[in-house]
Amino acid sequence: MSRPTRLVWRSELGWGPSPADGADPKQGLVVHYDSYDQGLADKDHAACLDYWNGCRDYHVNGNGWVDVGYSWFCCAHGFVIEGRGLFKQQAAQRGANDSHYSVTLATGPNDELTAAQINAVRELRQWLMEPESSIAGAVFGHRDFNSTDCPGDAAYAFVRDGVFSQPPGTIDKEDDVPTYISVGKTRDSRQEELRSHEWQQIYFDKNNSGGCEGHHADGDYPSLVTGPTYFQGEVSLRIEGLPKGAEGQIRAVEVTKRDGEYAESERYFPQEYEGTNGNAYPKATFCGFVGKGHKLRLEVVHFGGEDVRPRVTGGQARIQAWEL
């Protein structure tokens, strides 16, 4: 393919040639993030350029590096912006700075990964695979090389599941944004008692967004998300009747129909919560891929003892879904 659709060279930013040492990174592309939420998806593209200039200033004048640490920046609006650029050693991932290119998404743990941003990474990868630079097509996360949370759970799920490795242009969404699913749980909805040491599903009874159609509570089996789709989201609950100090966990579970019944096919890492003054307010974030015909549901458990029977009396889930 030709160069990325929205390619911005460093010279267009007023930067001179990178003074970094030369290298020949042939072995793939490593994805990074910022670790702090930036909210760039909700701002004009000018904020992305301000961020990139600030990042370079920090790396040079704060860290003492010769240039911005990354090879490239793929922003929330779909631009591929040059950092150190082609054939340069980076300061991005120890042990692989001269063997792999790097790209940062400038996102934090709760920032949206837009469809345009995903496609920008795909365009960058495919362009770098052409004869001029000829990298291997493998895509990695920073945590594959060093002990770090980078590039965040949402982006790393896309690394792991091959989202960034797909050909560009396959995200065919109006305005290049994911479907937004927002559901709530009211006090009057189904409120089973939560039994100790037993995972139980949480039922949401209120649709707060148009994106719920085809995903939530489709009549066959209550769910949050119906595949095939990549997703990232967050959930918060209110649990009443849980003694102070009593512990519990919350998790997402993917289920698929087998012999007319739904059975678990994937469990997402549980996140812990603790009772405070008789109540608990657990929050959790999840990301991953739900297969075709599969559904995603939410479950909670507590470890407060057999005589403790709390109830979930409220909650909300907000999810972004990139349907295939």
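A few notes on this one:
- For ARG309, the accessible area of its heavy atoms, probed at 1.4 Å with every protein chain present, is near 110 square angstrom.
- Accessible area in the full protein assembly, largest first, 1.4 Å probe, for TYR58, TYR70: TYR58, TYR70
- Point-charge dipole on Cβ atoms (K/R +1, D/E -1) for the chain, about Cα centre, debye to 20: 140
- In this calculation the C-beta distance from VAL66 to ARG3 is compared with R0 = 25 Å, giving a FRET efficiency of 0.50.
- Carbon/sulfur fraction of accessible area - the chain, other protein chains in place, 1.4 Å, %: 44
- Within the chain, helix-based [θ] at 222 nm, where runs of 4 or more DSSP H residues each add -39,500 (n - 2.57), nearest 500: -3500 deg cm²/dmol
- The candidate values are (1) 1.04; (2) 0.96; (3) 0.98; the one derived from this structure for Rg/Rh (Cα atoms, Kirkwood Rh) carries the label (1).
- Length gained on full extension, GLU193 to ASN277, computed as 0.36 nm times the residue gap minus the Cα-Cα distance: 28.4 nm.
- By accessible area with a 1.4 Å probe, ligands and nucleic acids excluded, highest first: order of LYS283, LYS26, LYS185: LYS283, LYS26, LYS185
- Accessible area (Å², per residue) of the stretch 7-165, counting only protein heavy atoms and a probe of 1.4 Å: 39
- Principal axis extents of the Cα atoms in the stretch 179-323, from largest to smallest and rounded to whole angstrom, are 41, 32, 24.
- Length gained when the stretch LYS292-GLU240 is fully extended (0.36 nm per residue, less Cα-Cα span): 15.1 nm
- Free-standing Cys, the chain [no other Cys Cβ under 4.7 Å]: CYS55, CYS74, CYS150, CYS212, CYS287
The values are calculated or read from the model by the stated rules, or taken from the named source; none is laboratory data. Just so it is clear, the structure is predicted and the values come from calculations on it, not from any experiment. Please note: Cβ atoms are built from the backbone with ideal geometry, for glycine as well, and neighbour counts cover all protein chains shown. Areas reflect the complete protein model, heavy atoms only, side chains present, ligands, DNA and RNA absent. Shrake-Rupley method; radii C 1.70, N 1.55, O 1.52, S 1.80 Å.
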